[in-house]
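Below: the structure, in structure tokens.
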Amino acid sequence: MKTSVQQALDVIQRENNEPICAYIYDLAGMQEQVRGMLQTMPWNTKLFYAIKANPDPRIIEALLPLVKGFEVASIGELLKVRAVSQEVPILFGGPGKKESELKLAIEHNVSYIHVESLLELRRIIAIAKERGQQKPEVRVLLRINLRSNTLPRTKIVMGGGPSPFGIDEESVDEAIELIRVEGAGAVRLCGFHFHSLSNNMDARLHAEMIELYLQKVERWQQQYNLQVDFVNAGGGFGVTYDGSPGFDWSLFTTLLQQSEARNRLATRGGELFFESGRLLVADHGYYATEVTDIKRSHGQMFVILRGGTHHHRLPASWGHNHPFHIVYTDRWEHEFTRPEVRGERAHIVGELCTPKDRMYSDAEIDCLRVGDVIVFEKSGAYAWTISHHDFLGHPHPAFHYLMEGDEHVNVNATFQSANC
Ligand SMILES: Cc1ncc(COP(=O)(O)O)c(C=O)c1O
């Protein structure tokens, strides 16, 4: 069956006479995105999906045949992946892992645990030893927080300075010694993990940052006489929400192809991992909400939605205006006037009793009426999953999925035919 955002909206309207409120995930678009990314990646690099960006089971299922595996940051996330596949490689990261979580992760056969602190390493060693000699070694990557002021600065910085994430570079020595002495035969150090930032837009700086990671690893390899099978360079490939150019994946992978440090890693049989979230899914999710009221207050126009930041917290969390398109509808059965905004600015806000529930400030609106639907684009990552769904008890949105073989979501085509 062919479908599109417009058709998906029609289905929602027909099924339910309540105002529209739905997420639409274009699974085929996500798959195409990943296929495109894989095409230009050097042969010894592997792509994992960090499911924190969007752990919807249908997305995990859609990406399963394409990615090398999944990065998870809790047992909840781990079980979501295992519900889809018992075998797919899993990287288990995140600060403050509890003993019960570590035990379950090992039972569920995670491929590698990203060690976030020396205490966590001690816990892993103790658990691994308790399991006994017959069991395979627990494989770990040490997550390192580099001592560096040369890392790119973005909105979300997780390394290169004080941070709860990873082990400080100064403690690499101690961590390796712990594994060698205390963990011998129980824990195996397979490599290193870095994730220093999110939403980086500068492909050249990103490539330089990875070069730095690889050079550091080479130094440790020589200094401690280590076999390093894997370097996980994290995620952090950015997406823009203001129309400016996004992360240039093609330039990034070209620079990676040319990287001598990556080549040396390959020569030694090592692989370079990426665990990307946002870039894989952000552009292929849409959040559609119907306008339920429009009013003027003290000279400013407010457009109120059936939905808001309790479903899509990203604009409030980042303090940005979230890009959108309008779908015009004829939904108006009343005798009284249909409120509208025409040729002026308006704030687009949600249905919560808080002034923080704002999706867009001062939007320039040609025409918008109560009953029309606002479709927020770039809503596939860190949208539903980071939101406070149950605050005020409004019903959750519906979820719709566009599959392979469906007509591709062409937002512009959908809206060109619209009128107001
Ligand atoms: C350890 C780790 N890996 C990967 C990611 C995914 O980052 P992104 O979605 O920016 O690619 C995150 C995000 O916070 C993370 O903390």
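The values are calculated or read from the model by the stated rules, or taken from the named source; none is laboratory data. Computed from a predicted model, the values in this text were never measured in an experiment. Methodologically, a virtual Cβ is constructed for each residue, glycine included, from the backbone with ideal geometry; neighbour enumeration extends over all protein chains shown. Each accessible area value is taken on the protein alone, full model and side chains, heavy atoms only, with ligands, DNA and RNA left out. Shrake-Rupley method; radii C 1.70, N 1.55, O 1.52, S 1.80 Å.
Here residue 125 fits the description: part of a helix (DSSP H, G or I) and under 25 Å from residue 170 (Cβ atoms).
For residue 159, are the conditions met, namely being at pLDDT below 95 and within 13 Å of the ligand (Cβ to nearest atom)? So residue 159 fits the description; yes. The set of residues in the range 321-371 being under 15 Å from residue 286 (Cβ atoms) and acidic (Asp, Glu) is empty.
Considering the range 167-207 alone, what residues qualify as being assigned to a helix (DSSP H, G or I) and surrounded by 16 or more Cβ atoms within 10 Å (Cβ to Cβ)? 169, 171, 172, 175, 176, 178, 179, 203, 205, 206, 207, listed by residue number. Taking every residue in the range 62-81 that is at positive phi and of a type outside the set (A, V, I, L, M) and pairing it with any residue that is within 16 Å of the ligand (Cβ to nearest atom) and in a helix (DSSP H, G or I), at least 6 positions away or on another chain, yields no pair with a Cβ-Cβ distance below 7 Å. Counting only helices (runs of 4 or more DSSP H) that sit wholly inside the range 222-290, those with at least 3 residues that are open to solvent by 50 Å² or more (accessible area, probe 1.4 Å) and away from the ligand (no atom under 16 Å from the Cβ) are 249-258, 260-267. Quick one: in the range 63-81, which of the residues that are assigned to a helix (DSSP H, G or I) and open to solvent by 10 Å² or more (accessible area, probe 1.4 Å) is farthest from the ligand (Cβ to nearest atom)? Across the range 63-81, the extreme among qualifying residues is 79. Against the condition surrounded by fewer than 18 Cβ atoms within 10 Å (Cβ to Cβ), at pLDDT 95 or above and either out of contact with any Lys or Arg (no Cβ under 6 Å at 6 or more places or on another chain) or not hydroxyl-bearing (Ser, Thr, Tyr) (or both), how does residue 86 come out, does it pass? For residue 86, the condition - surrounded by fewer than 18 Cβ atoms within 10 Å (Cβ to Cβ), at pLDDT 95 or above and either out of contact with any Lys or Arg (no Cβ under 6 Å at 6 or more places or on another chain) or not hydroxyl-bearing (Ser, Thr, Tyr) (or both) - is met.
For the range 29-61, what are the residues that are among the aromatic types (Phe, Trp, Tyr) and either buried (at least 17 other Cβ atoms within 10 Å of the Cβ) or free of Cβ contacts under 8 Å to residues at least 12 places away in the same chain (or both)? Listed by number, the residues that qualify are 48, 49. Here are the criteria: (1) at pLDDT 95 or above; (2) among the hydroxyl-bearing types (Ser, Thr, Tyr); (3) out of contact with any helix residue (DSSP H, G or I) (no Cβ under 8 Å at 6 or more places or on another chain). Tell me which single one residue 74 does not satisfy. It is condition (3) that residue 74 fails.
Test residue 104 against the stated conditions and say whether it is assigned to a helix (DSSP H, G or I) and open to solvent by 20 Å² or more (accessible area, probe 1.4 Å). Yes: the conditions hold for residue 104.
From 317, 361, 379, which residue is among the polar types (S, T, N, Q), in contact with a strand residue (DSSP E or B) (Cβ under 9 Å, 6 or more places away or on another chain), touching a residue at least 40 places away in the same chain (Cβ under 8 Å) and not in a loop (DSSP other than H, G, I, E, B)?
On the way: 317 fails: in contact with a strand residue (DSSP E or B) (Cβ under 9 Å, 6 or more places away or on another chain); 379 fails: not in a loop (DSSP other than H, G, I, E, B).
Matching residue, one of 317, 361, 379: 361.
Counting only residues that are within 23 Å of residue 343 (Cα to Cα), under 25 Å from the mean Cα position of the chain (by Cα) and surrounded by fewer than 19 Cβ atoms within 10 Å (Cβ to Cβ), the range 291-322 holds 2 of them.
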